[in-house]
Structure formats: structure tokens, C-alpha cells
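Nothing in this text is a laboratory measurement; each read-out follows from the coordinates by a stated rule. Small disclaimer: the values here were computed from a predicted structure and weren't measured. A quick note on method: Cβ atoms are made from the backbone with ideal geometry, for glycine too, and the neighbour counts reach across all protein chains shown.
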Amino acid sequence: MSKLELNNVRKQYGALAVVDDLSLQLRKGELVTLLGPSGCGKTTTLRMIAGFIELSGGSIAVDGRQISGAGRTVPPEHRGMSMIFQSYAIWPNMTVAENVAFGLNVRRVPGEESKRRVEEMLDVVKLGALAQRYPAELSGGQQQRVALARAMVVRPEVLLLDEPLSNLDANLREEMAGEIRRLHDEFNFTTVYVTHDQTEAMTISDRIAVLNLGKLEQIDTPWNLYNRPRTRFVAGFIGQTNLVEGHVRDGQIRLRGLEGVLPMGGQAAAASADMRISIRPQSLFLGPQGNGALPMGAVSVVARTYLGEYWDYLVRPTAGGDELKVHAPPSSVLDVGHESLLSIDPAGVALVS
Amino acid sequence: MSEAVTIAPPMRARIPNRMGDPAVWLFGTLILLLILLVANPILRLIWDSFHTADGTLSFSSYAAALGRSRNLQALLNSFYLGVAVTAIAIALGVPLALAVSRTNMPARGFTHVSVLAAFVMPNFLGAIAWILLAGPNAGWLNRLWSEVLGTDRGPFNIFSFWGLAFVIALYTYPLIYVFTKSALDLVSTELEDAASIHGAGKLRTLTRVTLPLVLPSIVGAAILIFLESVALYGTPALIAIPAGLNLATTQIVSFFEYPLKVEQAAAFSMPILALTVVMLYLQRRLLARKGFVSVSGKGGERRPFDVGAWKWVLLGYSALVSLLTVVMPLIILVLASLSKAWGRGFSAGNLTFANFYNIFFEQLTVRSALVNTVTYSAVTALVCVAMGMCVAYATQRRITPFPTLIQFLALAPVAVPGLILAIGLYAAYAGPPFSLYGTGALVVVAFTTRFLPIAVTACGAGVRSLNPELEEAVRILGGGRLTALGKVVVPLLNKTLVGAFILVFVICTKELSTAVFLTGPASRVVSVLTLDLSEQGNYESLAAMGVVLVVIVTLVVGIGMRIAGRDFMLRRS
């Protein structure tokens, strides 16, 4: 049985559906990220799980018990969840230890046990020495750890995180993302994580649910999401990609202006159809290439930009066809107008709808 | 840590229904209170104006109240008075605001404090002081004048239209100052620099750039002052009645003399009420205009203007204003309170502490008025802050249905002049079934209704400053709404709440117009007693009582400034 289940959840403000027909199932102990651009409905979804927002349709259940649904919403304080907020929401009028102990006091955990659990949790997030400080004296990263400790010390049914790293600078963000994953591996709380940052999502998630305009585009493991995006939106949102017209026939993919063919790699499609194809720029190679990349045909360089870590080439099949973006290593230097053989690694090729 | 992995099920099996949530009951009570305090009196007032005493529908009250030329003249006089007061207040407040906010005038902090003092000073005490200073013949300024110049009598007569306008302006101008100053504080120096770089001189920059930017704020404050002067009763009762000047407010009170004509009072109030509502609406519109970008958000870099020798002129003007509003009145009150007979002037033979002894140990009316004032003000402030907090919280966090309606009800008393509100409260609660006339409860009810908007506004600003996630964090961890209020919201807003408490307390101690015909012999407050003592000519006891009140209020304000910061009273809201 799923730990947390969203069934056809819908939230409507007036005529506008900000979340539409969203269904998700989380296994116990799973960490699922809701990923999407701002306005995609991910935070609304999270707040519906938390009980801050009532549903317009559908239902939400924990362990098979419905907590949100038609006409009845269990208030947040009776859901046994905990949440980490974008602003951290550390109470400035309480010390670090008081913040962390709050949920235990509300649950009437006896003093001795409460004290022990707070101390243990503060050690886990490496804040043991700062227990008696007030939040104003802490750095952003430390406040973030307090928020984590406060949310986890109560051993929540479900842990919710709302863009927890968006207020941190880049280095700290990476470090804290690793920290959150480490804590998840240690405690295994069923977790829903909201972010608009795909790197963050890739770093910490078991599965990622990509949302766009209130609808679920795809839910999958990070590897599949990158290499086997099923929709144009997902292909474009996760990493860079080339979206080109292609033709599928007899289990093979053909691209306009290129004589080579690509295998479908088990992806389902009609027997013969024109389709959109997503090809990752890293899966394209200029010049002779081994390593499973298949030769496709001759292309010429239309434009190029040197980005330090790689060359960003724009190439066009000499026989005519869609322009393609290629990421090539710094050592592979080709002038504009130069002709070369293009080969493609089929692992980076996906049929999208 | 392995045992931490076993997840205890903290979710409670019983899911309480909505009615079990104490927050719902609390905020339901709040709505009921608002209806009792605000909606009922105002509706009752309107109802009474259209009915005769025996309850039949009729317009006879309007005909009787507005059909007499004497009564219409009273409305007109109030209008003229409002215009005159506003003009004087602008002349007093704008230069001071400019000087403190934008120039390098010395002693700016001192000027600011003296404006605060003028705001705190009850206007009826100011009026008494000015009667002692500038009353014809016996006024000390007149006597000084005739002694120095050897003339028969001095030129000052406070018992006149301009005397009245002058005294009212002295204690209302802080509003102009506060509005102008807070707008000026947001004008970036860069805007003025831009004018200078294009060749404008200092005066031109001031008149073409700075003043136009803050003009909406000045006009907004001017409207408030106009309305306040029209609605004021204390100073007019002390000065206009002896001067033979009939004003709207004195006319309303005369409807309450025997034989009581509550319905006529209600009908007579309607034009004033309508004027107030319309002008407040205009004022809101004016201040909400978005065109003046500079008067919002951060002001950028700011430098005081070097005004050269003009700074001494400004300083002289500031000193003169504080002399007229605070220093001279306080000196005269203290001297009079220490005199056997204030008319004999100040000399060793005239010195006595008997007045203070009297008011504390012999004239029990004075002592009980002081005790009443402090008690009612404190209770009102407490109730206002509690209700204001609940209203602000419930409406901003959308806990109750119809938040806009609740907000409207709680702020509606702003648009009802004190005297007129008192008529409504009198009609609603003085007689059976409540029979509150003459009790302290009715005074507290009246003060609470009148000043609830102040508390709501102050608490609203506080609640807005809090990130709602702070409360959501409480709830997701298992605490209810009331836990969030008690453990997080109130502790975080304690300064705001103390500030609002003291602000309401101080304003209550000055309040006369709502109290004047709601108090009975046992519930008399200082402001009402001032009128009685003034009528009896007992200025020595009156001055002593005033001095005691000023000492109490100053102490309270001092405590407030320690807790809530220097500017907690002079904020624009």
C-alpha cells in the first residue's frame, strides 16, 4: 500500500485550475520531488498535502486513510506531518533547542525523553553547540539545519519541504542538498520535496514528478527523466536538448537530411509515424566516434561558442534538415563552415509527445 | 539512532469537527462583539433620526433639527472653524516637518519631542491653560502687556472665533507634522539632486520638487484635521460657549439638555456624518494614488539640506511653536495649581500646595475622576488591543468568513465623530434593557468602539510584518491556531501590542466628546469634570488635576518609549 496517495487532486481558483487531475503514489520511505517552473502548482500541491489548502476535487490519503477530500479537510495540526518552509520559519522568540523541542512538547513527549531526542537530533544536524542560541545569531545554513531538526525530531508521517534551499547561496545549496539526502537515508521518512531547480531535484530524489501548468507531465527516476523524457516539456525543462522532427518506422528512427538510422531502444510508438525526437547535445559527436555512437551523416558548422568546459556548436546536415546543438570537448576545434561526420549515442535519444 | 527510525504514529485518531476548534468560538465571539459595539449603535442612530420618540416613522426630527436658522448657522460656523484650524495647523506643522526631516536645523530631536508633547497634551487642558494665559482682562499675557506698556487692557481675547481656532490648531497640528514628515522621510535626496543638477536653486527645488511630492500627504492630513475640528467638543465647550459662538458640537450637546431630544440630535448629526464619510473616502483615494512613486518603499540615500542662516530662523520658529503649545501652557498650569487664587498673579504670598491636598483628600469628585480616567483608559486599551489583535489576525489570515466585512466593521468608527457615536451608544445602551447609563461600563464601551480602529490598524501592521509560515510551522507540528497565537504571534508582536496599548491609553485620557453625555456622577472622567470645574471658575483645582493627569500620561508615554521605541506614537496610521 502506498504511504501517501494523491488521487485526481484538483485545485481551482475561480475558473483557473492551478492543479488539475494530479495523481501520485509515494511508497513508504520514498523521496519524491515536485519539480516545475514557478506557477506550475507544485507549492499548491504541497500545501494541499499539508492541509493548509482545501481541495476542489479528488482526495489525499495517508496509509489509506483519507485526510483531504470532498467537504472534509483534516487540519494541518492533526496530520502528524512536518514541513520545512521556504523562509525556514524558525521562531525568532525561541532558542534553537526550544524551536526543536516545540513539536515534542505539543505531542506531550515526557521531559526527559524530549530532552534526549532534541540533543540527539541537534547532534545529527551538527548544531549541538548552538542549542541555546537565538535564531538571529545563526547563519542561513545553520537556520536551515534548525528547520530540518525541528521537522524531523517529531518523526513525521510525511515530511514536506517547500523550496528549502532557494534562500541559500550556490555553494551552501549543494552542501545542504547532500545533507538532506544523507538525513533521508538515515531516517527514511516519506518525503515530498518541492523545487524549481532541476540539479537539486536530480541530487536528492528517488523519483521526480515534473509539473507544468498544474498537470503532471511525467514521474520517473532522475535517470529516466533525463534520458527518456516522454513529453516535449520534460525534455526541454530537464537539461538542454534538441527537439527535432523525425520519422519512426520498423522500430527505427530516421532524421531529416541524415542517412543513418537510430534504434528505438524499447520506446513504444506507432508502426509508422512522424514524431518529435529529443536528442541531448552531449549525445552528439563530431568526427569519427566509437563508444556506441552511430554514424549519421555529414554536417557543417553553422555557429560556435566557446564556453570553457565545452564547445557549443550549431550544425546543419549538408543535405538539409533541422539545425542541431552539439556539446563537444574543448580539444575538438572546428571552424564555422567546416564539414564533419555526425554520430549520435542512442542513449540520449527519446521520442516525445 | 536506530530507534528513531521506527516512526511513532503521532496522528490522533479522533479528528475533531469544526465546532470543537476553540479558535472558531473565539472569533465568533469577536464578530458578536463587533456587532454590539459598532453596528448596533450606528444603525440605532440612523433609525432614531427617522423616528419620533414613540417609534413612528417620520422626518419631523430632520425638520426640527435642520429647520432652524440658528442650528444651520452652527453647522456653518463649524465649517468655517474647520477651515481656519486647518490653515493654522498647516502653517505650524509643515515648516516643522521640513525642518526636522530635510534640513540641518539644530535641535531637531528636541523639536520632534515637543511635537510629541503637543500630541499627548489633552486639548481641554490646553484650552484651560490658554484661558488663563489669554483670557480678557485677567489673562496673564494681557496683564503682562498692560504692565509693560502701561495700557488699560491687553489685546488678547481667547473667547473669540480666532482664539478658538488658534487653540484647536495648537493641539491638532501634530497630525500635519507626522504625515508630512513621514512622506518627506521617503523622498530620496537623488530626486532633489536631479533638480539641482538641472540648475534649480534650493528654493526652487523645494517648491517645485519636494513639496509637490509630499502634497498628497499634507492634503490627507489636512482633511483629518478639518474633520477633527468639526467633531471636537472639549475646546469649543470651554471657549466657544462663553464666546457666544454656536457650533455643531455644542448644538448637539444642547439637544441633550432638558427636554431631551435624542432624535433631533441624531437627525442633526446626519449631515456631519455624511460629510465625514465622504471626506474620509476622498482622503483614502488621495493617499492610495500610486502616481507618486517616490513616496513608497525605500527612499534611497538621504542628506539633510544645508539651509545656511535659515536654520536659525527655523529653530526660532520651532522654539516659538513649542513655547505656545507646550511650554507656556504647562508653566501656567503648574503656577495656577500652586496658587491660592490664580488671578492674583504669582507671588510668595499666593503660593500653596492646598490645591493638590484638596483634590486628593477633600474634593472626592476630582480624585474619583482621576481614578476613573486611569481605570477606564487602561481597561479600554486592554480590550482594544485584544480585540484589535483578534480582528487583525482573523481578517489577515482569513480565519473567519467575511473578513472584509469584519475589517470594515472594526474600522467604521473612524468615520463617526465622537459625539455622534455617543448619541448612537446612548440610544442603544443607556436605557433598558441594558440600562448602562452612568456606569463605567458604558464609558469603556464607548471608548472601545471609538478607538478600536487605532488598535486594529496598529495590530494589522504588526501581523502583516509576520511571515505566515511562522504560524504554519506551529500548525504542521501539531499546534492549533490558538497555540500559534499564544506561542509565536503575540510574543513576536509584544512591542507592537505594548505600543498600541499605550497609544490607546493616552488617547483615552484625552477623550471628552464620547464621554460627555454618557458619564454619570459616579463615572465622571477628568475631561468631563474639567468642563464642570471651568464653569464653576475653580481654575486652581482644575490646574492641579491637569498637572496630575499630565504627570501620569508623561510617565506612561515614557515607559512606552522605553519599550516600543521613540516613535511609536507619532507614526502615520
### Task
Provide a whole-number value for the mean count of partner chain Cβ atoms within 10 Å of the Cβ atoms in peptide A:120-132.
1
### Task
Take the cross-link list A:42/A:126; B:261/B:510; A:3/B:487; B:181/B:311 and give me the ones stretching past 25 Å between alpha-carbons.
A:42/A:126; B:261/B:510; A:3/B:487
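Can you tell me which of A:72-83, B:182-193 comes out highest on packing, and rank the rest after it, using the mean Cβ neighbours within 10 Å?
Ranked from most to least packed, the peptides come out as A:72-83, B:182-193.
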### Message
Whole angstrom only: what separates the Cα centroid of region B:181-241 from the Cα centroid of region B:85-153?
### Response
20
### Task
Determine the calculated [θ] at 222 nm for chain B from helices alone, applying -39500 (n - 2.57) to every DSSP H run no shorter than 4 residues and normalising by the residue count; nearest 500 deg cm²/dmol.
-20500 deg cm²/dmol
### Task
For a footprinting-style exposure proxy, rank A:219, A:279 by other Cβ within 10 Å, fewest first.
A:219, A:279
### Message
I need the peptides A:245-252, B:325-332, B:161-168, B:31-38 ranked by packing, meaning the mean over residues of other C-beta atoms within 10 angstrom, with the highest value on top.
### Response
B:161-168, B:325-332, B:31-38, A:245-252
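For the pair residue B:365 and residue A:16, what calculated FRET efficiency results from E = 1/(1 + (r/R0)^6), where r is the Cβ-Cβ distance and R0 = 56 Å, to the nearest 0.05?
Efficiency at R0 = 56 Å is approximately 0.25.
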### Message
As a footprinting exposure proxy, order A:108, A:230 by other Cβ within 10 Å, with the fewest listed first.
### Response
A:108, A:230
### Query
Mind checking the mean number of beta-carbon atoms from other chains within 10 Å of the Cβ atoms in A:56-65?
1
### Task
With a/c under 1.5 counting as rounded, go ahead and sort the protein assembly as shown into rounded, prolate or oblate using the C-alpha gyration tensor (a ≥ b ≥ c being the square roots of the eigenvalues; past the cut-off, prolate if a/b is larger than b/c, else oblate).
prolate
#### Entry: Dipole in debye (nearest 20) - region A:142-264, about Cα centre, beta carbon charges: Lys, Arg +1; Asp, Glu -1
360
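Could you put A:221, B:404 in order, starting from the residue whose Cβ has the fewest other Cβ atoms within 10 Å?
Arranged by neighbour count, lowest to highest, A:221, B:404 become B:404, A:221.
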### Message
Placing unit charges on C-beta atoms (Lys and Arg positive, Asp and Glu negative, everything else neutral), compute the dipole magnitude of chain B about its Cα centre in debye, rounded to 20.
### Response
1080
### Query
Taking a ≥ b ≥ c as the square roots of the eigenvalues of the Cα gyration tensor of region B:46-181, is the shape rounded (a/c under 1.5), prolate (a/b larger than b/c) or oblate?
oblate
### Query
If you stretched the chain out fully between residue A:134 and residue A:108, how much longer would it get, using 0.36 nm times the residue separation minus the C-alpha to C-alpha distance?
7.0 nm
### Query
Between residue B:334 and residue A:303, what is the label-to-label distance in nm when each label sits 7 Å out along the Cα-to-Cβ direction?
8.1
## Note on the structure
With the charge dipole of chain B built from beta-carbon charges (+1 for Lys and Arg, -1 for Asp and Glu) about the Cα centre, the Cα from B:104, B:76, B:141 projecting farthest to the positive end belongs to B:104
### Summary
Taking the dipole of region A:95-201 about the Cα centre (Lys, Arg +1; Asp, Glu -1; charges at Cβ), the one of A:188, A:132, A:165 that reaches farthest to the positive side is A:132
### Query
Roughly how big is region A:93-155's charge dipole about its Cα centre, with Cβ charges of +1 (Lys, Arg) and -1 (Asp, Glu), in debye to the nearest 20?
180
### Task
Specify which residue in the list A:294, B:431, A:279 is farthest towards the positive end of the charge dipole of the protein assembly as shown, using unit charges on the beta carbon of Lys, Arg (+1) and Asp, Glu (-1), about the Cα centre.
B:431
#### Entry: Gyration tensor verdict on region B:306-421 (Cα atoms; rounded if a/c is under 1.5, prolate if a/b is larger than b/c, oblate otherwise)
oblate
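Compare the peptides B:369-380, B:63-74, A:54-65 by average per-residue count of other Cβ atoms within 10 angstrom and give them in order, highest first.
By packing density, highest mean first, the sequence is B:369-380, A:54-65, B:63-74.
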#### Entry: Shielding by partners - mean other protein chain Cβ count within 10 Å, residues of B:488-496
2
